[in-house]
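The values are calculated or read from the model by the stated rules, or taken from the named source; none is laboratory data. Note that the structure is predicted; figures quoted are calculated from it, not measured. So basically every Cβ, Gly included, is an ideal-geometry build from the backbone, and we count neighbours across all protein chains shown.
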Amino acid sequence: MSLFDSFQVGKFNIKNRILVCPSSNHQADVRGVVSQSLFENLLRLAKQGAGAIIIDSTYVCKQGRGHNMQLGISEEEHVPGLRNMVRILKEDGAFIGLRLSHAGARTNTNICGETPIGPSIHNLGKDFDACREFDEHDANEICTFFGHAAERAQEADIDFIEINASQGSLLEQTISPAFNLRYDEYGGDIKNRMSLAVSIIKEIKRRVGSELLLSFFFKNLLERDGFLSSLPDLKKLLKILVAEKVDFIHPDLAHVLIKPTEDDEHDEPVLNTVAKNSQIDLIVEGNIKSTPVLKEVLGSNLGTFYCLDKSLYMRQNWYQFLQKKISS
């Protein structure tokens, strides 16, 4: 498998396996509308050769807004700017995705307009307000927000959407036993902690069917952060995603070659475990800052797409640089 050869995913012909993931720089305007700086940055990457681009991590409702300059997909006013940008990016052959996100407890009243919500009552730091615990009515509303956001993404001619269960988002908070302290249908074992995510997947599929491909982006696994506490938890999460028939799985790893902690009786990279226990197209990401690391992970032949660290894109001719280094 070559990083640079074209391939087919569903009805889409993708020109290469390089996927540009969102950076941490929020570049929308104060209304959550596409800004000129975001457009110019993504257009540069598309013209230089990126095969696929996830535009940004977008808030699905004002309640879930995490930053004042975050891109939005919560209102109809967000659609025209996205649609125009997507049209131009596709002229350079890019496969376009959009990450759908809810900040949960990782926001404050000035940004989101109300008391933040989370799986349990927490205050995540000085920049955030203490959240309230979401109830069943909130959960149903959140699913609706994600469903409407998916419909707007479809209006904007997005090719695939990605549900955000990383980056400190509400779904990360709900899946993590470190934050989710409840014992109802949304807490306790991994099946219950995944129940909100499953409901969101079902609602999105109900509204847009198979017209939009669906990716699930989830927090780094089997590390010392309490997100997934064991290998069985990881396997159960993957089994759930397989049952829900997501199109891509996107684990957010601290390093692409990371292995579980030493007290776990398992010595292969987490990425291998994810691939073996899902058999779903895999988006590979995790601190890929150098061509030796990229060559090593390409050798495993596990990924459908490969997300490079943004430092590699800073080179003026990064695509040609990669072609030369990977082929040597």
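Miscellaneous remarks
- Within segment 107-154, if we keep just the residues that are more than 17 Å from E172 (Cα to Cα) and among the basic types (K, R), the residue that is surrounded by the most Cβ atoms within 10 Å (Cβ to Cβ) turns out to be R152.
- Segments classed as helices (runs of 4 or more DSSP H), wholly inside segment 125-218, with at least 3 members that are basic (K, R) and free of Cβ contacts under 8 Å to residues at least 60 places away in the same chain: 195-208
- Condition check for I88: within 17 Å of A28 (Cα to Cα), among the β-branched types (V, I, T) and not in a strand (DSSP E or B): no
- If you filter segment 31-74 down to residues that are over 20 Å from the mean Cα position of the chain (by Cα) and surrounded by 16 or more Cβ atoms within 10 Å (Cβ to Cβ), you find that the one that is nearest to I283 (Cα to Cα) is G49.
- None of N140, N164 is touching a strand residue (DSSP E or B) at 6+ places or on another chain (Cβ under 6 Å) and not aliphatic (A, V, I, L, M) except N164.
- Residue in segment 287-295 that is within 23 Å of the chain's Cα centre (by Cα), part of a helix (DSSP H, G or I) and buried (at least 18 other Cβ atoms within 10 Å of the Cβ) present: yes
- Criterion violated by L82 - all others in (1) farther than 27 Å from D281 by Cα; (2) part of a helix (DSSP H, G or I) satisfied: (1)
Yes/no per residue for (1) under 17 Å from P269 (Cα atoms); (2) at pLDDT below 95:
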residue	(1), (2)
K191	no, no
L196	no, no
L214	no, no
L221	yes, yes
G226	no, yes
K239	no, no
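- Summed over segment 285-320, the residues that are at pLDDT below 95 and aromatic (F, W, Y) give a count of 1.
- Any chance R83 is within 21 Å of the chain's Cα centre (by Cα), at pLDDT 95 or above and within 30 Å of F4 (Cβ to Cβ): yes
- Search result, residues across segment 62-90 that are closer than 17 Å to N110 by Cα and of a type in the set (G, A, S): G64, G66, G72
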